[in-house]
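To keep things clear, I will list the structure first and then write my remarks on it.
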Amino acid sequence: MSILSFKDRGKWGKSGWRGNCSGHVYKELFTRLQPKVFVDPMVGSGTSVEVAQEMNIEAYGLDLHQGFNAANDSILEKVGKEADLVVSHPPYGGMIVYSGNVWGEANPADLSRCVSDEDFHEKLQLVLLNQRNATKAGQYYGTIIGDWRHKGEYVSYQAECIARMPKEELAAVLIKAQHNCQSDSKSYGSMKLPFILHEYILLWKKKDAPTLVLLTNLARQQYSRLSGTWKNIVKSTLSGLGGQSDLSRLYEAVAKNAPQKLAENDSWKEKVRQVLNQNPSMFKPVERGVWAITA
Ligand SMILES: C[S@@+](CC[C@H](N)C(=O)[O-])C[C@H]1O[C@@H](n2cnc3c(N)ncnc32)[C@H](O)[C@@H]1O
């Protein structure tokens, strides 16, 4: 079945943790995918890890409330090994603000505090690339995410996720019914369009191909559509080169398998330099011609 519906959230995690996910959803995923090692980089109240441990799956839970920023810190490095399944459940749409509200103090890295939808889409892409990097080839990474209608605008976070990841790795899109939403109590009788009562579970299967090949394929898919993608390509490529590189090595890595049109025209090198120069929060010059990811 590609539709999951669990009214009961089960005994796992904390029922008082806003925006938590039913443990039965994770149980279903684990039963289907049979991971030996599982990671949740946004573990919240711990639902997923508790279910995994009960099923004798080696499980790791990370979260910004422990100081781990999934958009910036390497999941692979933190866990120390590749996993068979890496699933996140990010906050989206600013419906629930976590840092400074559900826990601790306000943290600008908190995905529920993004300044715009574009900011969120770009950061979540980094999280997904990070998850992918922590996944064994042939195994699965994914996210649980909904859409949001706000001030008359429908924002499809799931569609953005699918558009920003390698399409050759997309493996499944499941629908998960949402129960006990806070807004259930309000009256939506006069609305023409239905209130959103579902989330998506998006799963990708990591191909056994070099990361750089897939990332440059990604550039090919998105070049005409998403201007922000260039920033993430440069960051991911630098990351693949150990977080720091001289320009010639960086060009070589980006050019490998680049679209023919791009490879024939040297102006893309200017684009790479422009991205490096114009994004000081992401990249910093280390010495002349050598660039690093900003810590
Ligand atoms: C929807 S909740 C996860 C709930 C969890 N599935 C549960 O059942 O308890 C989203 C979580 O993402 C975390 N988060 C937000 N931004 C993050 C970031 N940049 N890195 C890691 N975790 C983050 C929040 O602290 C919050 O705990």
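Overview of results
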| item | result |
| --- | --- |
| Tilt relative to the chain, helix 117-133 - C-alpha long axis, 0 to 90 degrees, to 10 | 80 |
| For region 3-10, Karplus couplings with θ = phi - 60° (6.51, -1.76, 1.60), whole Hz, Gly/Pro x | 10, 10, 8, 10, 5, 9, 8, x |
| Convex hull per residue volume in Å³, alpha carbons only, for the chain | 142 |
| Nonlocal amide H pairs with ALA59, under 5 Å, H built at 1.01 Å | PHE38 |
| Residue order, fewest to most surrounding Cβ atoms within 10 angstrom, among TYR140, TYR154 | TYR154, TYR140 |
| Cut-off 9 Å between beta-carbons: net charge of the residues surrounding ASN279, Lys and Arg +1, Asp and Glu -1 | +2 |
| Formal net charge of residues neighbouring SER5 (Cβ-Cβ distance under 14 Å; K, R +1; D, E -1) | +1 |
| Sum of -39500 (n - 2.57) over DSSP H runs of 4+, divided by residues of the chain (222 nm, nearest 500) | -10000 deg cm²/dmol |
| Angle in degrees between helix 211-222 and the longest Cα principal axis of the chain, rounded to the nearest 10 | 80 |
| Packing-based exposure ordering (other Cβ within 10 Å, fewest first) of THR143, THR216 | THR216, THR143 |
| Taking N as its residue count, the alpha carbon Rg of region 20-116 over 2.2 N^0.38 Å | 1.09 |
| Cα-based reach from LYS36 at 16 Å (exclusive), listing aspartates and glutamates while leaving out same-chain residues under 8 positions away | GLU28, GLU50, GLU54, GLU58, GLU82, ASP84 |
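Values in this text are rule-based calculations from the coordinates and carry no lab data. This structure is a prediction, so every number in the text was calculated from the model and none was measured. Here Cβ is always computed from backbone atoms with ideal geometry, including for glycine, and neighbour counts include all displayed protein chains.
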